[in-house]
Amino acid sequence: MNLEQEINRRRTFAIISHPDAGKTTLTEKFLLYGGAIQLAGAVKGKKNSKHAVSDWMEIEKQRGISVTSSVMQFEYNNYCINILDTPGHQDFSEDTYRTLMAADSAVMVIDASRGIEPQTRKLFKVCAMRHIPIFTFINKMDREAKNPFDLMEELETEFGIGTYPVNWPIGSGNRFKGVYDRNKKHILAFDNSERGKRKAEKIEVSLDDPEQLYALLGEELTDQLIEDVELLDGASYEFDLDQVHHGQLTPVFFGSALTNFGVEPFLQNFLEMTPSPLARKAQDEIVDPVNSGFSAFVFKIQANMNKNHRDRIAFMRICSGKFDKDMSVYHVQRNKTMKLSQPQQMMAQEREVIDEAYAGDIIGVFDPGIFSIGDTVCDPKMKIKYDSIPTFAPEHFELVIQKDTLKRKQFVKGVTQIAQEGAIQIYQEPSTGVEKVYVGVVGVLQFEVLEHRLKQEYNVEIVREPLPYQYVRWIQNEEIDIKSLKISLDAKLLQDFRGNYLILFNSMYTIKSIMDRNPELILSEVNTK
């Protein structure tokens, strides 16, 4: 295969949802169809059940949630698929946001009984900002569900996006009989006694033959299906692939990931509809994936994925060209040429050293501590720079102290490495000589993950003391005399680990008050330095 063919067969997408909508279960079924795993593991279940492949951290296995994004690559029907499985819980939304920056499209999983939930809404907005294609899988149709027309209306009203149901459900819960494929004009039959089988039975039927439908579905569901399809054909959006690719129309599929129903037809349709790797903007330049040299950016850093190695991996999304093992690349932020060490293909925490990779692929490279999230690497002749990845402002703060003073070195190493991953932000008091570590997070569950990881990965136990602050603002004017600032007792002056000054506040009123008392002070919600 030539370069263009290799790139065009790549499909790189993120899977997003509200917690418990079935996102990780759907991911595992994709892997099952691709032959990447032999047995799909339930995200929740008995102690002896197999854990989800994409949930590899100990805390994920214990809590039954995804707390960090996972990268999985596999082959299916001559497509090379890169799946980015993201945390559903809102406390880890920053990790999801960064992961979406590396995706060309998104699969949005919605619980049929709940419809659109708060986290779904938030993640959709991130996708809309980037105008990336969104494909909707309405899950759990084998349970009682909302009216499918109400679900379509909810999607259109909440997101301002058109919907095109590729298939249509026949009943739900105990009366769920399957789905009608609108394009192929056949029914995929659901049989609850054969839950989880790899392929659903395909029944060729015509809506012009009600007698055959009555025998299969019963009179009530048949009449309902005929009425629904007539309404869809007459009043719903027409399919337009260009609108799909611009995030203006979402193809909708109904099914049940847990029982494997409707998953493979969804995967097949999705791979045909979703785009191959897209051109990317690098400052004022548009980088074509096929006709440009090698370029990539770091969107995730993860320490201690392998307990035996205690290493640190930088995840890179290749945006253009071909990567060859041991090739020299230019690290833009450090202004130096280097070789990317131990390039690896990922399957959650499992990995395999590779010799080559192409635009659209996600690779992991060994990071001795030189990479940061948002860094660009490229062919030395190109010297382009991709836009930086914004960070969310923390809303929760704690003072974190190690219990054993003799483990100070491990403690500092642990919180620093976890902060470099982007999971937390760490601060300290300026020039006091007091070695206190202040931690800021987007969601409170991140504190639990921090405590768990310090104990499991660095053998350090900590004491956490909640702080009364809610807001952080960075000081932008470098020439200001920090010591002369008039800071009240309900605020705290700190420095981040790069040495930038910031202030924690307990209310918006405090921010206004301090700004009034220090008119020369310039503050920002994000650190631009």
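Before moving on, here are some points about what is shown:
- Helices (runs of 4 or more DSSP H) lying entirely in region 205-314 (those with 2 or more residues that are closer than 29 Å to Ala21 by Cβ and out of contact with any Cys (no Cβ under 7 Å at 6 or more places or on another chain)): 219-235, 241-245, 263-273
- Filter result (modelled with pLDDT of 85 or more, open to solvent by 20 Å² or more (accessible area, probe 1.4 Å) and of a type in the set (Gly, Ala, Ser)) within region 86-131: Ser113
- A count restricted to region 505-525 and to residues that are open to solvent by less than 90 Å² (accessible area, probe 1.4 Å), under 12 Å from Asp490 (Cβ atoms) and either of a type in the set (D, E, K, R) or in a helix (DSSP H, G or I) (or both) stands at 4.
- Taken over region 355-368, the criterion of being over 19 Å from Ala279 (Cβ atoms), modelled with pLDDT of 85 or more and open to solvent by 10 Å² or more (accessible area, probe 1.4 Å) is satisfied by Asp355, Glu356, Phe366.
- Being in contact (Cβ under 8 Å) with a residue 12 or more places away in the chain, closer than 16 Å to Ile187 by Cα and either open to solvent by less than 80 Å² (accessible area, probe 1.4 Å) or of a type in the set (A, V, I, L, M) (or both) is a description that does not apply to Leu241.
- Counted residues, region 139-166 - those being more than 22 Å from His246 (Cβ to Cβ) and open to solvent by less than 10 Å² (accessible area, probe 1.4 Å): 3
- Selection count, region 244-267, where residues are farther than 23 Å from Asn174 by Cβ, in contact with a helix residue (DSSP H, G or I) (Cβ under 9 Å, 6 or more places away or on another chain) and open to solvent by 10 Å² or more (accessible area, probe 1.4 Å): 4
- For beta carbons closer than 6 Å, sequence separation of 6+ or different chains, a first residue in region 7-21 that is more than 19 Å from Ser295 (Cβ to Cβ) and a second that is aromatic (Phe, Trp, Tyr), the qualifying pairs are Arg9/Tyr79; Arg11/Tyr79.
- Among residues of region 197-217 that are on the phi < 0 side of the Ramachandran plot and at pLDDT 75 or above, those with a Cβ under 8 angstrom from a residue that is of a type in the set (A, V, I, L, M, F, W, C) and open to solvent by 50 Å² or more (accessible area, probe 1.4 Å), sequence gap 6+ or separate chain, pair up as Ile203/Leu216; Val205/Leu216.
- Filter pass, Ile301 being more than 30 Å from Lys146 (Cβ to Cβ), surrounded by fewer than 17 Cβ atoms within 10 Å (Cβ to Cβ) and β-branched (Val, Ile, Thr): no
- Scanning region 398-431 for residues that are assigned to a loop (DSSP other than H, G, I, E, B), within 31 Å of the chain's Cα centre (by Cα) and among the acidic types (Asp, Glu) yields a count of 1.
- Per this entry, Gln470 is counted among residues that are in contact with an Asp or Glu (Cβ under 8 Å, 6 or more places away or on another chain), open to solvent by 80 Å² or more (accessible area, probe 1.4 Å) and over 27 Å from Gln302 (Cβ atoms).
- Residue within region 208-216 that is within 36 Å of the chain's Cα centre (by Cα) and surrounded by 20 or more Cβ atoms within 10 Å (Cβ to Cβ) present: no
- Scanning region 246-273 for residues that are in contact (Cβ under 8 Å) with a residue 24 or more places away in the chain and among the acidic types (Asp, Glu) returns a single hit, Glu264.
- Each residue in region 405-423 was checked for being aliphatic (A, V, I, L, M), open to solvent by less than 20 Å² (accessible area, probe 1.4 Å) and under 17 Å from Gly374 (Cβ atoms), and 1 pass.
Each row is one residue, and each column tells you yes or no for (1) of a type in the set (Phe, Trp, Tyr); (2) at pLDDT 90 or above.
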residue	(1), (2)
Ile370	no, no
Thr376	no, yes
Asp379	no, yes
Ile384	no, yes
Phe397	yes, yes
Lys403	no, yes
Ile418	no, no
Lys436	no, no
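- If the condition is being open to solvent by 70 Å² or more (accessible area, probe 1.4 Å) and farther than 16 Å from Gln428 by Cβ, then region 473-503 contributes Glu478, Glu479, Asp481, Lys483, Lys486, Leu489.
- Close pairs from region 405-430: first under 18 Å from Asn500 (Cα atoms), partner charged (D, E, K, R) and at pLDDT 90 or above, Cβ under 9 Å, at least 6 apart: Tyr427/Lys492; Glu429/Lys492
- Residue match in region 431-451 (condition: among the polar types (S, T, N, Q) and open to solvent by less than 20 Å² (accessible area, probe 1.4 Å)): yes
- Taking first residues from region 482-495 that are of a type in the set (Asp, Glu) and partners that are open to solvent by less than 40 Å² (accessible area, probe 1.4 Å), the Cβ contacts under 9 Å between residues at least 6 apart in sequence or on separate chains come to Asp490/Tyr469; Asp490/Phe505; Asp490/Ser507; Asp490/Thr510; Asp490/Ser513.
The values are calculated or read from the model by the stated rules, or taken from the named source; none is laboratory data. Here the structure is a predicted model, which is why all the values come from computation and not from measurement. Note that each Cβ is placed from the backbone with ideal geometry, even for glycine, and that neighbours are counted across all protein chains shown. The accessibility values were calculated without ligands, DNA or RNA, using every heavy atom of the protein model including side chains. Shrake-Rupley method; radii C 1.70, N 1.55, O 1.52, S 1.80 Å.
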